[in-house]
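First comes the structure, then the notes that go with it.
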Amino acid sequence: MWTICSSTLISLRKSLLTTHWQALSSGLTRAFLKIILSLFTMGVNNMQKVLVLLTLVMCCWASMAKAEYFKYKDPKQRLGVRIKDLMKRMTLEEKIGQMTQADKSVASKEIIKKYNLGSILSIPFPISLPAEGASPKTWVDLVNDLQSGSISTRLGIPMIYGIDAVHGHNNVYNATIFPHNVGLGVTRDPVLLKKIGAATALEVRATGIQYAFAPCIAVCRDPRWGRCYESYSEDPKIVKLMTEIIPGLQGDIPVGSRKGVPFVGGQNKVAACAKHYLGDGGTHLGVDEGDTIIDAKGLFSIHMPAYYDSIIKGVSTIMTSYSSWNGVKMHKNRFLVTDYLKNTLKFRGFVISDFQGIDRITTPPNANYTYSIIAGMNAGIDMFMVGFTYEDFITRLTYLVKNKFIPMRRINDAVKRILRVKFTMGLFENPLADYSYAKYLGCQEHRDLAREAVRKSLVLLKNGKSVENPLLPLSKKASKILVAGSHADNLGNQCGGWTIQWQGLSGNNLTAGTTILSAVKTTVNPRTQVVYVENPDDKLVKSNKFDYAIVVVGEYPYAELLGDSSNLTIPEPGPSTIKRVCGSVKCVVVLITGRPVVVQPYVETIDALVAAWLPGTEGQGVTDLLFGDYGFTGKLARTWFKSVGQLPMNVGDPHYDPLYPFGFGLTTEPRKK
Ligand code: BGC
């Protein structure tokens, strides 16, 4: 009996000194040890000793079970130790759950708990947003409610919530909408990009979200591509420079960090996502999700460089592209995802699929989902943005692993990477959001920053019919001016796609911001008469004595494949408005487009021409330049073609014969105050 007790004591001591060292340090345990010692010094018989000891042992175990120490929960432990400790506790089901990202519209805290889902996303559709015009509080409550499902699971692994914050926190009402990347590339200003990243991170955190599917570091080589405005430039060097948005979003990696290690510096930062790997901007004829036909040298020198920089800057995640490289879908490209990205470049964050990206491995999509899962897993994807079909995905993947179609080491690789990001960003310590960041959403400081970005992103393509006779800057003291065009008083058109909804929205009711028309009205002298007619007829244009006209026309909002265009013409009534107004009145035409469009037929008629891209909510940035409060500085980060027949045509091409070459941009001096 005594031997049993002493061996129990020994093993108790062992466990106290090893895994349960924290319990050992607790006052309760120390008290138990004191009683044990006094038992041997007092005159108590053996039977009594045994009884007291047994009671103590049981109490001790009970108290320790309560205060069980989990290394992975201890932020003082090294990252590797935490990952290892948690991994060894996880079942296959828990691991597969971590790899699954479901859409908010099908998720609930019960579902998250049941399937151990590792991530939730909001796609840019009303069903996936908490409510139309939802406030930061509504968002935070939603995210926290879902998170409560994660932290109540057996191991309490928090989920990570992702959203497309691609030009500011663009799905959220009242957020600051920055210019789309096509405009930001013009600035060639990495410091500005970093500030935009930091502001976006704060606005994303204002809604409790910790993960932004940005930046898109595509190198758009053909403006016929519907996503060209998501790309900073046709020039890989500019795209590389713009990856400075990553430390803005995530924070600066600590000095001496190992290359490829993901980094997110705390509660005011978010995990970023470089997308879409690889070659999304190089598809044949600019077809969205198409085939990038190019040799390895071309692929690596044009489309890869920005990934090198993103990885060096600690990007946490990389999203695979729907597109193919020489006929092979990127979602199944093991060479580029595993061999190159993970093994050669030593990227240690996680690779996420695009939305239902593995479904599209087959043509038609989803023709053989089991095959798609095997192919995607084998390529090296770690988290699967499955959206609605989480249950089907989990069931099939579980079967495939249990039956050895997919090796366990692939699952472990994926889960380790996901946990690495979650631990690094402090998600285990702070899984729940509070309301303290709400004040950042659409705050004045961010709007001022966006306005600065607009100023730096505009390109002046023409200024006056002769150099001696420039039209810009416009006079603020004119007596009567005309403002016209489908995009002059239209916040939605000015913001473009990926604003409040996937395809964007026309009109002024989508969110808060300043249209170009209202910016004009507040800029000119109060005595100046501003006549606004969206599409004026000949009579109006000719009979009124306007000092000048501002015509704002362009493309209507679009996103992804719905934006593919084989003719790149400005939709009507844009061209008619230009011809009618500029035929009679001295005019500046401001183009709101996601890319260069056909303008050659109208350039003669136009007095001044400005490429304003998709400037976002801060319309005053446009008038700051038109009226000379600031000078134009922007230089084209894309080639402006003469006719679509020339495409693709990028700087350096042998057949280069542009209307306005890459790097072109007239400048003006700010008017003296
Ligand atoms: C796009 C991604 C985006 C994802 C989630 C996809 O259609 O290609 O860029 O992050 O949807 O909304």
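The values are calculated or read from the model by the stated rules, or taken from the named source; none is laboratory data. Bear in mind the structure is a predicted one, so any value in this text is a computation, not a measurement. So basically every Cβ, Gly included, is an ideal-geometry build from the backbone, and we count neighbours across all protein chains shown.
What the table shows:
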{"read-out": "Of all residues making up the range 199-233, the number that are within 16 Å of the ligand (Cβ to nearest atom) and either in contact with a Pro (Cβ under 9 Å, 6 or more places away or on another chain) or not basic (K, R) (or both)", "value": "22"}
{"read-out": "Test: residue in the range 562-572 that is in contact (Cβ under 8 Å) with a residue 24 or more places away in the chain, among the β-branched types (V, I, T), part of a loop (DSSP other than H, G, I, E, B) and away from the ligand (no atom under 16 Å from the Cβ)", "value": "yes"}
{"read-out": "Selection from the range 149-198 of residues that are more than 16 Å from the ligand (Cβ to nearest atom), among the small types (G, A, S) and under 30 Å from K114 (Cβ atoms)", "value": "G149, S150, S152, G156"}
{"read-out": "Set K416, K404: member being at pLDDT 95 or above, assigned to a helix (DSSP H, G or I), of a type outside the set (A, V, I, L, M) and more than 12 Å from L92 (Cα to Cα)", "value": "K416"}
{"read-out": "Qualifying residue in the range 652-666 (condition: surrounded by fewer than 16 Cβ atoms within 10 Å (Cβ to Cβ) and either under 13 Å from R595 (Cα atoms) or of a type in the set (G, A, S) (or both))", "value": "yes"}
{"read-out": "Some residue of the range 438-449 being surrounded by 15 or more Cβ atoms within 10 Å (Cβ to Cβ), within 16 Å of the ligand (Cβ to nearest atom) and of a type in the set (G, A, S)", "value": "no"}
{"read-out": "Residues that are more than 16 Å from the ligand (Cβ to nearest atom) and surrounded by 21 or more Cβ atoms within 10 Å (Cβ to Cβ), drawn from the range 373-383", "value": "I373, M377, A379, G380"}
{"read-out": "Pair list, Cβ < 6 Å and 6+ apart or interchain, from the range 313-342 residues that are in contact (Cβ under 8 Å) with a residue 60 or more places away in the chain and within 10 Å of I381 (Cβ to Cβ) to residues that are within 14 Å of the ligand (Cβ to nearest atom) and aromatic (F, W, Y)", "value": "T320/Y277"}
{"read-out": "Unmet requirement for Y322, which otherwise passes all of (1) of a type outside the set (V, I, T); (2) more than 23 Å from the chain's Cα centre (by Cα); (3) crowded, with 22+ Cβ neighbours inside 10 Å", "value": "(2)"}
{"read-out": "Every pair of residues 6+ apart whose Cβ atoms lie under 7 Å, when the first sits in the range 217-228 and is under 15 Å from Y277 (Cα atoms) and part of a strand (DSSP E or B) while the second is hydrophobic (A, V, I, L, M, F, W, C) and more than 12 Å from the ligand (Cβ to nearest atom)", "value": "V219/V239; V219/I302"}
{"read-out": "Any chance L241 is in a helix (DSSP H, G or I), closer than 30 Å to P431 by Cα and touching a helix residue (DSSP H, G or I) at 6+ places or on another chain (Cβ under 6 Å)", "value": "no"}
{"read-out": "Filter result for P557 (without any contact (Cβ under 8 Å) to a residue 12 or more places away in the chain and either surrounded by fewer than 16 Cβ atoms within 10 Å (Cβ to Cβ) or assigned to a loop (DSSP other than H, G, I, E, B) (or both))", "value": "no"}
{"read-out": "Any chance V386 is within 16 Å of the ligand (Cβ to nearest atom) and touching a strand residue (DSSP E or B) at 6+ places or on another chain (Cβ under 8 Å)", "value": "yes"}
{"read-out": "Hits in the range 96-144 (condition: within 16 Å of the ligand (Cβ to nearest atom), surrounded by fewer than 18 Cβ atoms within 10 Å (Cβ to Cβ) and touching a residue at least 60 places away in the same chain (Cβ under 8 Å))", "value": "S105, V106, F125, P126"}
{"read-out": "Check on G594, on the phi > 0 side of the Ramachandran plot and either modelled with pLDDT under 95 or assigned to a loop (DSSP other than H, G, I, E, B) (or both)", "value": "no"}
{"read-out": "Contacts under 9 angstrom Cβ, first residue in the range 416-439 being within 22 Å of A175 (Cβ to Cβ) and touching a residue at least 12 places away in the same chain (Cβ under 8 Å), partner crowded, with 23+ Cβ neighbours inside 10 Å and charged (D, E, K, R), 6 or more apart", "value": "M425/K269; A433/R205; Y437/E203; Y437/R205"}
{"read-out": "Top-ranked residue in the range 493-523 [being within 16 Å of the ligand (Cβ to nearest atom) and not in a strand (DSSP E or B); ranked as farthest from V483 (Cα to Cα)]", "value": "W502"}
{"read-out": "Cross-chain or 6+ apart pairs with Cβ under 7 Å, the range 157-172 first and over 24 Å from K416 (Cα atoms), then of a type in the set (A, V, I, L, M) and in a strand (DSSP E or B)", "value": "A165/A212; H167/I177; G168/I177; N170/I177; N171/I163"}
{"read-out": "Of all residues in the range 325-370 being touching a Ser or Thr at 6+ places or on another chain (Cβ under 7 Å) and of a type outside the set (A, V, I, L, M, F, W, C), the one that is nearest to the ligand (Cβ to nearest atom)", "value": "D354"}
